[in-house]
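The values are calculated or read from the model by the stated rules, or taken from the named source; none is laboratory data. Treat the numbers as computed from the prediction; the structure is a model and nothing was measured. Neighbour counts run over all protein chains shown; Cβ positions are idealised from the backbone, glycine included. Note: areas computed on protein heavy atoms with side chains; ligands, DNA, RNA excluded. Shrake-Rupley method; radii C 1.70, N 1.55, O 1.52, S 1.80 Å.
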Amino acid sequence: MPHDVRVTWAAVILTGGTATRLGGTDKAALEHAGRSLLERALDAVAGASEIVVVGPETPTTTPVRFAREDPPGGGPLAGVAAGVSALTTQPVRVVVLAVDMPRITAGTVARLLEAAEGVDAAWLTDADGRRQLAGVVRPSLVPPAGLAHGSPMRVLMDAGASLDVPARDDEAADVDTWDDVGRLRGDDPPAPRT
């Protein structure tokens, strides 16, 4: 069944993690193929009716709203709750995406949206079948901020009727360690000779 483009969807991009294994490096500012990870995430959700970035404010060429969980440090579920709370529209679906998944594309998002038709959520899974922080949910599944703070992301991932969407190629790859950063940079094309 083709994706119903009439379904209104918004996007919440999570950028405010602690990046402990990267010494607190701002993952959103890391680059892959000449673009920051935030710019790549914004490209993936370009079809959204509204985009909320949960994390520190940074200049973007795409119109977005910034939000933060309160109190800070509540984990990704608290970030999703803060993002959904910051939406000014009432979308039918919300695409949730961690900024450190640079191989997620608009095509990935379209597959997730299509899979979510008729169910409550769809989540991208890695080669081992683990759900990743890339999915589509009904906004009503997201717990209020007070309940989300400190709760594991699986509270949302296990809520309602959901489908798993197997990643294609390396879509599920994320950037958590310096080794991951090295692999990401190794994928970049060589700089042109001058």
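Observations on the model:
- Between ALA172 and any residue 5 or more places off or on another chain, the built amide H atoms are never under 5 Å apart.
- Cα-projected label distance for ARG130 with ALA110, points at 7 Å along beta-carbon direction, nm: 3.0 nm
- GLU114 accessible area, assembled protein chains, probe 1.4 Å, Å²: 80 Å²
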